[in-house]
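The values are calculated or read from the model by the stated rules, or taken from the named source; none is laboratory data. Remember, predicted model here, so these are calculated numbers, not experimental data. Note that we place each Cβ from the backbone using ideal geometry, even for glycine, and neighbour counts take in every protein chain shown. Accessible surface areas use protein heavy atoms only, side chains included; no ligands, DNA or RNA. Shrake-Rupley method; radii C 1.70, N 1.55, O 1.52, S 1.80 Å.
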Amino acid sequence: MSTTEETAVGAPVPWSHANVGQTTAGEQEMKPRSETTADELMRELGSVLRMSEAEAAQLGDLPEDPDEDQTMIINMGPQHPSTHGVLRLMLELQGETVLRCKPIIGYLHTGMEKTGEQLTYLQGGTNVTRMDYLSPFNNELAFSMATEKLLGIDGDIPERAVWMRMLLSELNRMSSHLLFLATNGMDLGAVGMMIYGWREREEVLRFFQKVTGLRMNHNFIRPGGLAADLPPGWRDDVLRLLDLIPERLEEYDTLMTGQPIWRERLQGVGVITPDEAIALGANGPILRSTGVPWDLRRDMPYLRYDEVDFDVIVGSYGDAYDRYAIRLNEVRESMKIVRQILERMPTGDYRIQDKKVTPPPRARIDESMEALIHHFKLFTEGFKVPEGEVYVGIESPRGEIGCYIASDGSPTPYRIHMRAPSFANIQCLPHMLRGGLVADAVAVISSTDPVLGDVDR
Amino acid sequence: MSETDTDTAAPEAPDTDDAAETTPTVHGCVAGESCGQTVVFPTREQYLDLVKALADDGYTMVIDLCGVDYLEYFDRPLPDGIEPERFEVVVNLLDIAHRRRVRIRVQVPEDEPTIPTLFDLHPGAEAYERETYDMFGIVFTDHPDMTRILMPEDWIGHPLRKDYAVGKIPVQFKGAHA
């Protein structure tokens, strides 16, 4: 790295390759119909999805695809306030009706997977926690579980650490869904709801701050356990939350759930069927809103979710209202789980006592040469992870967060890939928006609850 | 993974009764195991047929698709009979009905980085394939919209390749000597 010019961000490496002609990038933007290939047009019209005859017949209700001079292509975003960040949608409109839609993403791409290859497994948490910044604990959990599986210590994590992880990820689900309720309300004009949702979320974040020192981006769940034990008085704080939030949720019900305007805006909007959701790889509340009872916590249990009692909330219509109701009720289910965790929280270590993975306690460093060496090695070189590759998926508030790590035996991942739930869910938008009104687009985008940090990574 | 032994995706021994150790296969493709997870290693020719056969078995959802550039780690452990290539395309499939997963790793050579698209089978793989193309320059043939997805459309190079340098901003700390 000799000169500043060469070390600038993303400086392209001179790249000569026989296939350079083959890999020249085309344009990302949505093109007029006349310039769109038949395959791509099919995709944008959603007709590649596996549909039953009845569903295909319903498509007959949709407006006919007209000539170009009757339509216009407009941009929604990337600076649109209801796109939750920097999502840009290109919409083809005929009057008020959306005919085609193409999400254009990448405005928040910061190469976090490339960065992840430079960081040790101990540092990796700081990186992945920033991807889906509304559910940082879930990111850290997926990353830590993948690393532990590669290390072969996934069965040796102390009980207290496991239950603490569950406590934090359930509280995280609550805070994330509360924020969804806030933004969903705001997008649809229930501006009061925005204030209430943020207020309740802040109560949860205040607890996170007490535990981890930070409101977001905690880097608290680490390979081998957690960074620290729960602080004194944590139980009272959680109990306070459990007392406070149920009555606030009742207020949300009064404000929105039963309210005719709210129902009118959401019911029957952005409908997706189970087959389409599965074909598009949608996950989490979107899949559950179609009536598919798929929740990794129940169906492929990790941590100790098989020992707690909770319900998987499913919808039946696959519309924006179902997705709203599912998230609202998932907050209640999470509180049910948190109550059980409070009863069963075991005592003991909060991290594995494996000298090769866990830094020694501060006091040991003064008295033991070995502890000092381990400490030094862990924080300079990091611990080595055996060769292999692994995929671990967990249920985040938005769907499955997966972590794929390929290790070459060095202290940094050879390749780390995060399966981002928002990335997949965004791909449902063209289908859910088709044939709807442009005013409903806001409701549909909001109901997928995208986090652009997760989409773009 | 399902608990039944009749799991179609679990590596099963071929019918031959040879005394020599035989490698397990899934739908005629070499299969292995990594950290307790089933991994199948089809060739590029077998890839589409394998995904099709697995979809018939119930693996109806592409949960993840990504690339790996093994330029600096070419001698990775692979089952017998699999020639290592520079690139790999890794596909994670999910079977919702039977609650099981399977992973597919396809070797993609450097001098011809192409592989068929899964678009016809799994429309949801479309965006992942664009991402893999964007990051690694692996072309998915017959993909309806083979364009960059995360990087700007006029970007040169494919950032997650190992021969692509990491971008750095020089940071001037107070009192530090450059």
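A few remarks follow.
- For region B:119-134, a residue qualifies if it is in contact with a strand residue (DSSP E or B) (Cβ under 7 Å, 6 or more places away or on another chain) and modelled with pLDDT under 90, and the qualifying residues are B:H122, B:G124, B:A125.
- Which numbered condition A:D154 misses (of (1) within 14 Å of chain B (Cβ to nearest Cβ); (2) modelled with pLDDT of 90 or more): (2)
- Among residues of region A:185-225, those that are basic (K, R), outside any helix (DSSP H, G or I) and in contact (Cβ under 8 Å) with a residue 12 or more places away in the chain, counted: 1
- Count of region A:300-318 residues, restricted to those that are open to solvent by less than 10 Å² (accessible area, probe 1.4 Å) and either without any contact (Cβ under 8 Å) to a residue 60 or more places away in the chain or out of contact with any helix residue (DSSP H, G or I) (no Cβ under 8 Å at 6 or more places or on another chain) (or both), is 1.
- Residue in region A:327-341 that is more than 25 Å from A:E117 (Cβ to Cβ), open to solvent by 50 Å² or more (accessible area, probe 1.4 Å) and modelled with pLDDT under 90 present: no
- Residue check for B:E112: part of a loop (DSSP other than H, G, I, E, B), modelled with pLDDT under 90 and either at positive phi or within 8 Å of chain A (Cβ to nearest Cβ) (or both): yes
- Matching residues, region A:361-386, being charged (D, E, K, R) and either loosely packed, with under 10 Cβ neighbours inside 10 Å or part of a helix (DSSP H, G or I) (or both): A:R362, A:R364, A:D366, A:E367, A:E370, A:K377
- Scanning region B:26-51 for residues that are hydrophobic (A, V, I, L, M, F, W, C), farther than 13 Å from B:D80 by Cα and part of a strand (DSSP E or B) yields a count of 2.
- In summary, strands (runs of 3 or more DSSP E) completely within region A:57-133 and bearing 1 or more residues that are at pLDDT 75 or above, within 30 Å of B:D69 (Cβ to Cβ) and basic (K, R) occur at A:88-94, A:97-104.
- Test result for A:H417, over 26 Å from the mean Cα position of the chain (by Cα) and either over 30 Å from A:D309 (Cβ atoms) or more than 14 Å from every other protein chain (Cβ to nearest Cβ) (or both): no
- Test result for B:Y164, in a loop (DSSP other than H, G, I, E, B), among the aromatic types (F, W, Y), out of contact with any helix residue (DSSP H, G or I) (no Cβ under 6 Å at 6 or more places or on another chain) and facing chain A (nearest Cβ under 9 Å): yes
- Selection status of A:A406, among the hydrophobic types (A, V, I, L, M, F, W, C) and part of a helix (DSSP H, G or I): no
- Hits in region B:48-73 - residues which are open to solvent by 10 Å² or more (accessible area, probe 1.4 Å) and more than 10 Å from every other protein chain (Cβ to nearest Cβ): B:L48, B:D49, B:K52, B:A53, B:A55, B:D56, B:D57, B:G58, B:L71
- Set A:V390, A:V444, A:V357: member being surrounded by 19 or more Cβ atoms within 10 Å (Cβ to Cβ), within 21 Å of A:I157 (Cβ to Cβ) and more than 14 Å from every other protein chain (Cβ to nearest Cβ): A:V357
- So B:L93, is it in contact with a His (Cβ under 6 Å, 6 or more places away or on another chain) and either at the interface with chain A (Cβ under 7 Å from one of its Cβ atoms) or not in a loop (DSSP other than H, G, I, E, B) (or both): no
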